[in-house]
Structures are given as C-alpha cells and as structure tokens.
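Some notes on the structure that comes next.
The values are calculated or read from the model by the stated rules, or taken from the named source; none is laboratory data. None of these values were measured; they are calculated from a predicted model. Neighbour counts are summed over all protein chains in view; Cβ atoms, including those assigned to glycine, are modelled from backbone coordinates with ideal geometry.
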Amino acid sequence: MAFPNIVASWYTTFSLMLLATATSFSPAATRACSALKHSFPTKTFSPKDDDYTLAYNHSWSKTCVLPPTCVFEPTTAQDVSTALKIVEKFAAHFAVRSGGHMPVPGAASIQDGVLISLSKIDQVDLNPDGTATIGTGLRWFEVYEELSKQGLAVAGGRFGDVGVGGLLLGGGVSHFGPQYGWSANCVTRYEIVLAGGRVLDVTKESSPDLFWALKGGLNNYGIVTRFTLKTFPLTDVYGGAVIYDPSRFDDFVKAVAFYSTPEGGMSDSLSAIEPVMAFVPSSGLIQGGTFLFHQGSDAAPSSLANFTAIPANQSDASVRSYPSFVNDTLTPEFNSYASRQLYFTVSLKACPQSVFLVNNTFAPMAFSSALLKKVSGFTTTINHQPMPLSWIEAAQAAGGDTLDLDPAAGPFIIVGISSFWDNAEDDDAVFSFHKVATKAIVTAAEKEGLNYPFLYVNDADPVQKPFQFYGKGKSLPKMRTIAKKYDPAGVFHTLQHGIWSLF
Ligand SMILES: Cc1cc2nc3c(=O)[nH]c(=O)nc-3n(C[C@H](O)[C@H](O)[C@H](O)COP(=O)(O)OP(=O)(O)OC[C@H]3O[C@@H](n4cnc5c(N)ncnc54)[C@H](O)[C@@H]3O)c2cc1C
C-alpha cells in the first residue's frame, strides 16, 4: 500500500559524506584488523575489500553509517571468541551489531575500530522441548517465516526488518507483549561470548544473575550469539496499516486516548496498536496513522473499533497470517534507510489526559520553531505504546528482568519521539529540539501527576540514561555488580563504545 505524502518526505536522497572524509585508523585497530584478516581471511573486510562498504553500510539511520577500520563477520560463537581475544590483545576499540536498527551513532557502529557484525549468525533451530534457538543476526521477518513452517511463532519485533539481538537484549515490545511481557521474558537460554573469549550457555539455573542481567542490559555483558525462546502456536491475525486523512487527526488522537485507558482497548490482551502522529513543520501538515493488530480471525475486533470507525485514507487491515502482516512492514513505505533519524522517549501514566498532554505540548513546539521549518526533509513523530497491566504482570510471572516494572504503579504509555531529516548539518538542531521537547513533556506531566519514571532503552537516546530508572533505581547497582563479575577487566565498558555503559 502507498503511504501518504508525509512519509514520502522521509525518502530523500542522501550522499555518504562520511565515506569521502574517512579518517586514518589507530594503530591498535589496524593491528587487530590485520590479525583478524590473518585468522579469518574470508570473514574480515577492510576498506580495500569490495564487501567492506556493503558490510558496514546497513544501518537504519544514516547518522550511524560510520567507516570502521575493518568489519568482522563471524559465523559461530567460536569465531566471536577468537575475535574478542584479538581485540583484547591489541586493546582495539570495537562495536557489536545485529540488525543495525538502533538509530544511535556508535551504539552498533564505529568510526575507528572493529565492527563485529553478527548478521551471518543466522540459523533457526527447533528444539525437542518446543523452544526455538535463533541466531542473533536474523531479522524478525526471517524468524517468523521459518517458524511458521512448523506452525509456530515467538514474541519478537513488530517491524520485520529489526534485528533479533538488540531487540531481545533491550527488552522487546512485541504484538504479543500483553500476554507474554517483554520479548526478553520469553528467552530461556543465551549463548554468550564473555570477555576473555569464554563461550557460556546461560540459563536461569546455570547463572541466574547473568540470566537476569541479559534481560534488558543490552551489550554490557558480552556478545550473545544465539537466543532460545519459548514458542507458541501460530494463528491468523487481524492486522494492517491504516492511514487517516489530516482532517481526521483529532478523531485519531481521541481513539488513541480511549485505547490507552486501563479499561479501553488495551485491556484486550490480544490487541495492539502502533499509532504514529506525524508533524511536518515546513508545510504545517499533521497526520495520523497506525498499525492495528488483533490475534485471531475476528475481522472486527471491538477493542479496535474506535480506529476502524474513522474513515481511513488507506487501510490494508485484514485477517491473514502473522508473517504476511509483518512482511508488510518491509515495504519501502515503512523501511527507509535513506534518512538521518533520532529517537527519544518518555513514559506517562495510561489515561486519555496523557495522550492529549503529549500532543498539546509537542505539536506547538514542533511548529513554532523557525529553525525546524528550514531543516531539509524534516518530519517529527510521536508514537504511543500503551503498556497494559497484563504486560507488567506477565513479565514478573516469567521471572522478572532488569526493567523491573511494578504492577502497583499501574499501566502506562511508552511515548517515542522520533525525527527524520536529510543532512548532517542539521543534526544539532534536531537533537536540541528533541531534548527541549522531551523536557517540556516531562515537566508538564509532572505538573499534572502523569509522569511515569521509566525510559525504555530501545527507544531512548543515551543522554537520557534509561538504566537509572530500572526497578525504581534498584536494578542498576545489581547490573553493575554482575558486569564486574563476568567482565572484571571491563572490556565491554572500555574497549566497546561506551554508549550504553552501566558505569
Ligand atoms: C523502524 C524501527 C522499528 C522498531 N520496532 C521495535 C519494536 O517493535 N519493538 C521494540 O522493542 N523495539 C523496536 N525498535 C527498537 C529496536 O528494538 C532497537 O533499536 C534494537 O536495539 C534494534 O535491534 P538490532 O539488533 O537491529 O540493533 P543493533 O542496532 O544492531 O544493536 C543495538 C544495540 O544492541 C547491541 N547488540 C545487538 N546485538 C547484540 C548481541 N548479539 N550481543 C551484544 N550486544 C548486541 C549493539 O551493540 C547496540 O548497542 C524499532 C526500531 C526501529 C528503527
């Protein structure tokens, strides 16, 4: 389906200026890359190799396309182990990437150092106990396709192109979250390569501390090569993208607000929405659209009735297989690698006032800035992710995680703020806008008693320091202790980019 003009503005051309200005590389990284090339001649790519650019280029946001000294593409945990020993020996800096979807420069990219790109660790194996072991380098649409052949599904990413590794290590918002909690709560085993190169199988029984820390602790403990997840029977779903005319924006916001009440649509644990409110300061355009999801073959789920009642400009919502629904998120309309992108997040208590407060605070700020009107290709969006109580309870029932949400604090909404634009010269202006707008939303929410002090790491910017909110501040000291136990030399906090460091 065609997405509206609003999103078409995301697809602007962009020149890879960074490549043209590629810098010289440090001796440590150069030596590590030579050693890697020696040990793995077909898996290591330096700038003179044809596959080098291809290997590092695949980042969701152009802000993350940084030229590494070399790219190493392991195919096994043993490869990763050898590579870690090499980077440690030469004290070379490194970054780790699975799907490359995190729009944070340096989180899974590096300008001078080794990029360990895990995309070739890409197998799906079904286990006799019904769990599935999946390689970190896969993208979710590949996982769903493969498992559907066995009539199974897992609670993974909603956008098919997102990588397995980052989503599962950061938590994971899936369509099935209201039933199973974070995607990470469905992981029963991790294959991880620790500092020093030790390969470890981590289960709740074998290493309960590390098992807990990996549920939300991102890249602070080692390089995870494979995840074992609980599966469940695949069913048909009602799902699709719905885009509304700008004249229907207020109706759309009201539908989101109603859905976000504890007794609204989100009390139906089979349903999910991904509403996006988009603002284009240069043209004044405001437009809304959402993915609708309901598990099962009900073609008119009542929990989504407020959305389906609004006449849509475009809609492809229908009953179909889950992989078919997710595959639709792979179309160019939703999958642009052409722009620069930035994510920030805040959280508010789940109620209609929160939805209105966010919009009423954010929209005037986006439209009143003369600077933003001049930013080429600039669209900014607000995304509301309602988090029902059933989600929080399911996460606890599954054994908990570092995010450690408290059911007593009630349901809430994760609000994602994301922007898209064309040119590096505007990076600072967009970043400043995100900081100021986010602060204004938090301040307004605090004033109204609507703030929910939690930031989801996979939607956050590093300046927001999300880990300090986990478990109401109780998780971070534990996460640090566990990191010191499994990585006493601090390899993952010194040699790896410190973007999400616990310290
Ligand atoms: C279009 C879009 C849609 C999204 N949809 C969702 C969604 O539905 N639900 C949701 O929860 N989030 C979503 N996100 C956020 C997404 O989950 C995070 O950006 C996630 O980190 C991406 O995973 P990745 O493997 O592609 O990440 P990458 O960019 O490759 O990595 C992200 C971080 O994880 C680390 N990492 C990755 N793999 C490993 C590993 N195997 N071992 C150690 N560290 C590792 C990297 O070092 C990096 O710091 C979305 C993001 C985008 C841009």
Among the listed residues Tyr221, Tyr190, identify the single one that is under 25 Å from Gly490 (Cβ atoms), free of Cβ contacts under 8 Å to residues at least 40 places away in the same chain and surrounded by 24 or more Cβ atoms within 10 Å (Cβ to Cβ). Tyr190
Being within 13 Å of the ligand (Cβ to nearest atom), more than 25 Å from Tyr337 (Cα to Cα) and either among the small types (Gly, Ala, Ser) or at pLDDT 85 or above (or both) narrows Ala28, Ala77 down to just Ala77
(1) within 25 Å of Thr329 (Cβ to Cβ); (2) in contact with a His (Cβ under 8 Å, 6 or more places away or on another chain) all hold for Lys149 apart from (2)
Of Ser303, Ser247, the only residue that is in a helix (DSSP H, G or I), more than 18 Å from the chain's Cα centre (by Cα), crowded, with 19+ Cβ neighbours inside 10 Å and at pLDDT 95 or above is Ser303
Is one or more of the residues making up segment 468-482 assigned to a helix (DSSP H, G or I), in contact (Cβ under 8 Å) with a residue 24 or more places away in the chain and touching a His at 6+ places or on another chain (Cβ under 8 Å)? no
Extreme residue, surrounded by the most Cβ atoms within 10 Å (Cβ to Cβ), among residues of segment 488-503 that are more than 16 Å from Leu194 (Cα to Cα) and among the aromatic types (Phe, Trp, Tyr): Trp500
What pairs come out if I take residues in segment 162-181 that are in the same structural domain as Phe293 (by TED's automatic domain parsing) and pair them with residues that are near the ligand (Cβ under 8 Å from one of its atoms) whose C-beta lies under 9 Å away, six or more apart or interchain? none
Going by the conditions given, is Leu455 in contact with a Lys or Arg (Cβ under 9 Å, 6 or more places away or on another chain) and surrounded by 15 or more Cβ atoms within 10 Å (Cβ to Cβ)? yes
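Could you go through segment 260-269 and let me know if any residue there is under 30 Å from Phe433 (Cα atoms) and not in a loop (DSSP other than H, G, I, E, B).
Taking every residue of segment 260-269 in turn, none turns out to be under 30 Å from Phe433 (Cα atoms) and not in a loop (DSSP other than H, G, I, E, B).
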Tell me which of these Ser269 doesn't satisfy, since it passes every other one: (1) surrounded by fewer than 18 Cβ atoms within 10 Å (Cβ to Cβ); (2) polar (S, T, N, Q); (3) within 25 Å of the chain's Cα centre (by Cα). (1)
Which residues, counting only those in segment 316-370, are under 21 Å from Lys439 (Cβ atoms), modelled with pLDDT of 95 or more and of a type in the set (A, V, I, L, M)? Leu342, Val346, Leu348, Val355, Leu357, Val358, Ala363, Met365, Ala366
